[in-house]
Amino acid sequence: FGRERAMTFDLGLRRREGAVRYEIAAYMNRYDGYIYLAPTGRTAGDEEALPVFEFSQRDARFHGFEASLERSVPLAGGVLTFGAMADYVRGRLAGSGDLPRIPPLRAGIRLRFERGALGLAIAAQHAFSQRDLAQAERPTDGYTMLNADASCTVERGGQRWLLFLRGNNLLDDDARQHTSPLKDELPLPGRAVAAGVRLE
């Protein structure tokens, strides 16, 4: 491969006004000789037909944005924090064609309540379907990840105990990351619940 060169342009705004904080950034990247991993449409393997990928090099262009918002308000003797986020990127080869393994648009919200030693949180993030595809690439359906956790901190005799309960992918959604070369064979983990105690 030849040398990969990039010229990037970023514009961002970050501001905090009392209990409100927000950030937004937009970017545009131009690559000369971008090196990327692309599907070939072929498979290999004696017992399992695994997809074959190869590295390629071409000029490419990226553009996208990232945004987040957070606001805290007092509630029932504690603090309730609301958060929202979104991000998007589009990657294209110079001339024509989409780049492979580009993540789709994502958006999410999060609520967290803290009161003394108690903490409660719930978060949902939706990844939209990806239909901007490279040659020999397969589309990926959207999915929603719903996570929640509860924690309590107890201090005794100079020691700090943290008790927690966490749940991931509570909707048990069939979540497949478009950025994974093995997305068709390996989805993200399904519903999982964990409880534990940590001593500091």
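The values are calculated or read from the model by the stated rules, or taken from the named source; none is laboratory data. For clarity, every value in this text was computed on a predicted model and none was experimentally measured. Every residue, glycine as well, gets a Cβ built from its backbone with ideal geometry; the counts of neighbours run over all protein chains shown. Keep in mind that these areas ignore ligands, DNA and RNA; they rest on the heavy atoms of the full protein, side chains included. Shrake-Rupley method; radii C 1.70, N 1.55, O 1.52, S 1.80 Å.
Based on every Cα atom in region 14-114, Rg and the maximum pairwise Cα distance Dmax equal 20.8, 63 Å. Remark: region 95-106, residue by residue, has Karplus-estimated 3J(HN,Hα) of x, 6, x, 8, 7, x, 6, 8, x, x, 4, 10 Hz, where x stands for each Gly or Pro and the curve is 6.51 cos²θ - 1.76 cosθ + 1.60 at θ = phi - 60°.
Need one word for region 53-171: rounded, prolate or oblate. Basis is the Cα gyration tensor (sqrt eigenvalues a ≥ b ≥ c); a/c below 1.5 gives rounded, then a/b vs b/c decides. Write out the running numbers ahead of the final one.
Working: a/c = 3.11, a/b = 2.59, b/c = 1.20.
It is prolate, given that a/c is not under 1.5 and a/b is the larger ratio.
Local charge for I35 was computed over the other residues whose Cβ lies under 12 Å away, with Lys and Arg +1 and Asp and Glu -1, and equals -1. Basic side chains Lys and Arg get +1 at the Cβ, acidic Asp and Glu get -1 at the Cβ, and with that the dipole of region 146-200 about its Cα centre reaches some 280 debye. Relative contact order of the chain: 13 percent, from C-alpha pairs under 8 Å at least 6 residues apart in sequence. Each Lys and Arg contributes +1 and each Asp and Glu -1, all at the Cβ; summed about the Cα centre of the chain, the dipole is approximately 820 debye.
Applied to region 115-122, the Karplus parametrisation 6.51 cos²θ - 1.76 cosθ + 1.60 on θ = phi - 60° returns per-residue 3J(HN,Hα) values of 9, x, 8, 9, x, 10, 8, 9 Hz, with x for Gly and Pro.
For region 108-200, a/c is not less than 1.5, where a ≥ b ≥ c are the root eigenvalues of the C-alpha gyration tensor, and a/b tops b/c. That puts it in the prolate class. Residues in region 71-200 average 59 Å² of solvent-accessible surface per residue, probe 1.4 Å, ligands and nucleic acids excluded. Think of the chain as a dipole: +1 on every Lys or Arg Cβ, -1 on every Asp or Glu Cβ, centred on the Cα centre; then among L133, P103, G78, G78 lies furthest on the positive end. Net charge in the neighbourhood of L120 (other residues with Cβ under 13 Å of its Cβ; Lys, Arg +1, Asp, Glu -1) is +2.
Among (i) 12.7; (ii) 18.6; (iii) 16.2, which one is mean projected area of the Cα convex hull in nm² computed from these coordinates? It is the value labelled (iii).
Here the Karplus relation 6.51 cos²θ - 1.76 cosθ + 1.60, evaluated at θ = phi - 60°, turns the backbone of region 71-85 into coupling constants of 9, 10, 9, x, 7, 6, x, x, 10, 9, 10, 9, x, 9, 8 Hz, with x for every Gly and Pro.
Once you list every other residue whose beta carbon is under 13 Å from the beta carbon of G2, what net charge do they have if Lys and Arg are +1 and Asp and Glu are -1? Don't skip to the answer; put the middle values down first.
Details: positive: R3, R5, R58; negative: E4, D32, D59.
Net local charge, G2 excluded: 0.
Once you reduce region 60-88 and region 1-51 to the center of their Cα atoms, the two points are 21 Å from each other.
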